[in-house]
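Student: First the structure, which I've put down as structure tokens, then a few questions once you've had a look.
Computed from the coordinates by the stated procedures, all read-outs in this text should not be read as laboratory data. Quick caveat: nothing in here was measured; it's all calculated off a predicted structure. Positions of Cβ are generated from backbone atoms using ideal geometry, with glycine treated the same way; all protein chains shown enter the neighbour counts.
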Amino acid sequence: MSFSLKPYNTFGLDVKARDGMVVRDFAMFPAAFDKIRKSSAGFIVLGHGSDVLFKGDYDGAVIVNRLMGVEFSEDANTHYVKAQAGETFHDLVALTMKKGIYGLENLALIPGTVGGAPVQNIGAYGVSLSDFCRYVEVLDLVTGKVDRIMGRDCGFGYRDSIFRIPENQARYIITAVELAIPKDWKPETSYAALRSRNLESPKEIFDFVCSMRKIKLPDPRVLGNAGSFFRNPVVSRETLAVIQKSFDNVPHYPAEGDPDMVKLAAGWLIDQAGCRGINLGTAGTYENQALVLVNYGGATPEDIVNAARHVQGRVEDAFGVRLDPEVRIYGEKGECQL
Ligand code: EPU
């Protein structure tokens with residue numbers, strides 16, 4: 001194990017990979033492929049490692065994507081913004097704002113890189129990457145060519161895309177994303193936290209979202225974390241009705257595509273189960289947002305896993321609802337279960 005992953009996972013866990021490489025331009029890919037070929041346990045591509053949990057050392061190769069650059073173009077109705085995968089997503093949001101291109105403001109301060117954004121279809125405050133993604137540019141390891149996968153073919157869903165499927169992870173390295181942003185800007189303020197705040201301009205929305213995020217998401221340089229640790233669970237209306245008997249204020253939202261199902265707020269469930277701001281030693285949940293698991297200092301991977309299982313158990317006991325991780329979990333041989 002020769003490649004430290006400590007700088008490349010925002011939980012700040014002291015874990016290693018068998019081999020690894022930081023790729024800063026296309027000319028470095030042949031050397032990276034060499035490492036991939038030599039790895040019997042496959043490979044992982046990381047951006048900032050802001051949505052991963054390593055359960056221990058990883059026996060494969062890690063490619064850290066640091067391809068940089070942003071290009072702008074436009075036609076009569078649309079701005080096109082093509083960003084290389086290693087760009088920090090928030091920097092891209094801030095740059096578009098500076099250039100008077102509006103639409104991404106609800107996605108301010110989402111941790112991670114542009115290359116990570118399509119993988120779990122990042123989203124916040126009523127907007128998702130899929131709303132703007134024109135195409136994802138990939139290096140296809142099967143054909144050896146650079147290819148474009150159009151947004152409609154990316155299988156985008158709630159924190160989901162075709163890039164999460166194991167065979168695609170072994171096939172595609174995301175090199176860039178092009179966004180199509182309509183010039184006809186409309187504010188997206190339907191999300192509960194934004195409604196009734198009289199946010200009128202893109203700048204007001206951007207500033208408000210930044211202030212919310214600073215409260216709810218701890219700075220990983222201070223408190224290691226990977227954003228929301230669990231997905232918001234989708235349950236049947238019967239399950240909702242059972243919970244409502246004891247908690248008539250349970251937050252719930254329509255589940256996309258299925259009128260019989262509803263989405264619950266995992267943070268609320270964890271909070272009500274008495275697990276907001278808990279510290280089990282070195283790991284626990286954040287005091288301002290129960291959905292965020294944190295490394296309170298010196299946590300091992302096992303400590304984070306134990307905290308996650310503790311939270312799952314408490315929510316299951318209280319509500320009979322199973323929480324599934326939203327972060328991607330890696331063990332010695334690759335992606336695995338909690
Ligand atoms: N809530 C509590 N206690 C908590 C946390 C939340 O009662 O400790 C309640 C809130 O009051 C609210 C509801 O739960 O009624 C939902 O909370 P919030 O609006 O903060 O959003 P969330 O569902 O917890 C999701 C995303 C976040 C995204 C926010 C804002 C997921 C898993 N998480 O969080 O995304 O920033 O909405 O749109 O979908 C991420 O994926 O890493 C992430 C941070």
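Student: Work out, in µm²/s and without decimals, the Stokes-Einstein translational diffusion coefficient of region 1-69 at 25 °C, 0.890 mPa s, Rh from Kirkwood over C-alpha pairs.
Tutor: Working: Rh = 12.0 Å.
In µm²/s, the coefficient is 204.
Student: Return the whole-Å distance between the Cα centroid of region 1-24 and the Cα centroid of region 225-302.
Tutor: 29 Å
Student: For region 180-289, what is the number of Lys pairs with C-alpha distance below 27 angstrom, counting only pairs 8 or more positions apart or on separate chains?
Tutor: For region 180-289, qualifying lysine pairs total 10.
Student: Now, a different point. Label-point separation (nm) for LYS333 and ASP153, each offset 7 Å from Cα along Cα-to-Cβ?
Tutor: Result for the modelled spin labels: 3.2 nm.
Student: For VAL45, what residues show an amide H to amide H distance below 5 Å, using hydrogens built from the backbone and excluding near sequence neighbours?
Tutor: ILE63
Student: Specify whether the C-alpha gyration tensor of the chain places it in the rounded, prolate or oblate class, a ≥ b ≥ c being the square roots of the eigenvalues: rounded for a/c under 1.5, otherwise prolate if a/b is larger than b/c and oblate if not.
Tutor: Details: a/c = 1.69, a/b = 1.11, b/c = 1.52.
Verdict is oblate for the chain.
Student: Apply the Karplus parameterisation 6.51 cos²θ - 1.76 cosθ + 1.60, with θ equal to phi minus 60°, to every residue of region 40-50 and state each ³J(HN,Hα) to the nearest whole Hz, in sequence, with x for glycine and proline.
Tutor: Residue by residue, region 40-50 yields 6, 8, x, 8, 10, 9, 10, x, 8, x, 9 Hz.
Student: With each label point set 7 Å from Cα along the Cα-Cβ vector, what nm distance links SER4 and LEU280?
Tutor: 2.7 nm
Student: Provide the per-residue ³J(HN,Hα) series for region 107-113, in order, calculated from phi with Karplus coefficients 6.51, -1.76, 1.60 and θ = phi - 60°, each as a whole number of Hz, with x at glycine and proline positions.
Tutor: So the J values, rounded to whole Hz, are 9, 4, 6, 6, x, x, 9.
Student: Using alpha carbon centroids, what distance separates region 172-203 and region 26-85, in Å?
Tutor: About 25 Å separates the Cα centre of region 172-203 from the one of region 26-85.
Student: For every helix of n ≥ 4 consecutive DSSP H residues, a contribution of -39,500 (n - 2.57) applies; sum these over the chain, divide by its total residues, and give [θ] at 222 nm rounded to the nearest 500 deg cm²/dmol.
Tutor: Numbers: 7 runs with 75 residues, N = 338.
It lands at -6500 deg cm²/dmol.
Student: Over all directions, the average projected area of the alpha-carbon convex hull for region 218-335 comes to how many nm²?
Tutor: Details: hull surface 32.5 nm².
The number I arrive at for region 218-335 is 8.1 nm².
Student: Given the options HIS48, HIS90, HIS252, which has the most mean-square fluctuation in a GNM of the chain, springs set between C-alpha atoms less than 10 angstrom apart?
Tutor: HIS252
Student: Hey, got the dipole for region 1-150? About the Cα centre, +1 on K and R Cβ, -1 on D and E Cβ, debye to the nearest 20? Don't jump to the answer; show the numbers that get you there.
Tutor: On the way: 15 positive and 17 negative charges, 79 e Å.
I would put it at about 380 debye.
Student: Another one. Can you give the longest stretch of the chain with no exposed loop site, where a site means trypsin sites (Lys or Arg not before Pro) in a DSSP loop (not H, G, I, E or B) with at most 14 other C-beta atoms within 10 Å?
Tutor: 222-321
Student: In whole Å, largest first, what are the principal axis extents of the Cα atoms in region 70-209?
Tutor: 50, 30, 23
Student: In the chain, what percentage of the DSSP-assigned beta bridges are antiparallel, given to the nearest 5?
Tutor: 80 percent
Student: Given 37 °C and 0.692 mPa s, how large is the Stokes-Einstein diffusion coefficient of region 180-219 in µm²/s, with Rh as the Kirkwood radius over Cα pairs?
Tutor: My calculation gives 290 µm²/s for D.
Student: Can you compute the modelled spin-label distance between ALA31 and GLU316, with each label point 7 Å from Cα toward Cβ, in nm?
Tutor: For ALA31 paired with GLU316, the spin-label model returns 4.6 nm.
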